[in-house]
Amino acid sequence: MSSSPLLNLHLSLASLFRRVFSKRFLKFGTVGASGTVVNLVVQRVGMEHLFSHLQQPALKFNLALALGIFLATVNNFFWNRLWTWADRQHLHHKPLVTQFWQYTLSCGVSIALQLLFANLLAPHFFYLIANLIAIGVTSVLNFVLNDVWTFGRLKFVRPAEPPHNERP
């Protein structure tokens with residue numbers, strides 16, 4: 001007996017709801033907050049000290065911003081790996097670099113969608129409210145992507161190695 005599409009949708013939404021309102025999601029949010037602090041501190045240090053000698057304000061700003069984003073991403077990846085998804089250490093079958101790029105790609109997708117949603121909502125809401133809604137939606141997406149793909153049980157399917165031939 002097959003279940004109805006409506007029942008499957010209900011079960012899928014219930015699973016997503018449980019996943020989002022979990023202890024793991026709170027850890028994910030805490031790590032995200034720490035990344036925000038890293039981002040802001042590094043950007044400030046970059047602007048005031050590392051790149052202060054540059055004469056072009058836009059270049060100084062963008063270099064400091066890029067460094068802040070990069071170090072916040074590294075911070076968030078390692079804390080999420082060591083704390084948020086610590087119970088899945090046995091599933092870390094992927095090389096660390098591969099897992100980091102999956103994490104970075106997930107974040108990039110979320111950032112692009114945040115820009116899109118914020119721009120779509122801004123004409124209808126105060127811009128900060130539009131951005132908060134976009135952050136909320138994309139944070140859930142980012143969490144689910146990382147929960148299923150980066151730190152999840154999905155494995156890359158590798159082609160079987162050809163059998164080793166005996167030497168003549």
Cβ-based exposure ranking for D147, D87, in which fewest neighbours within 10 Å come first: D87, D147
Packing-based exposure ordering (other Cβ within 10 Å, fewest first) of L121, L50: L50, L121
Could you calculate the FRET efficiency of L96 with A66 from 1/(1 + (r/R0)^6), where r is the beta carbon distance between them and R0 is 22 Å, rounded to 0.05? 0.50
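Throughout, read-outs are computed from the coordinates displayed, never taken from laboratory work. Because the structure is predicted, anything quoted here is derived from the model rather than measured. Positions of Cβ are backbone-derived with ideal geometry, glycine not excepted, and every protein chain shown enters the neighbour counts.
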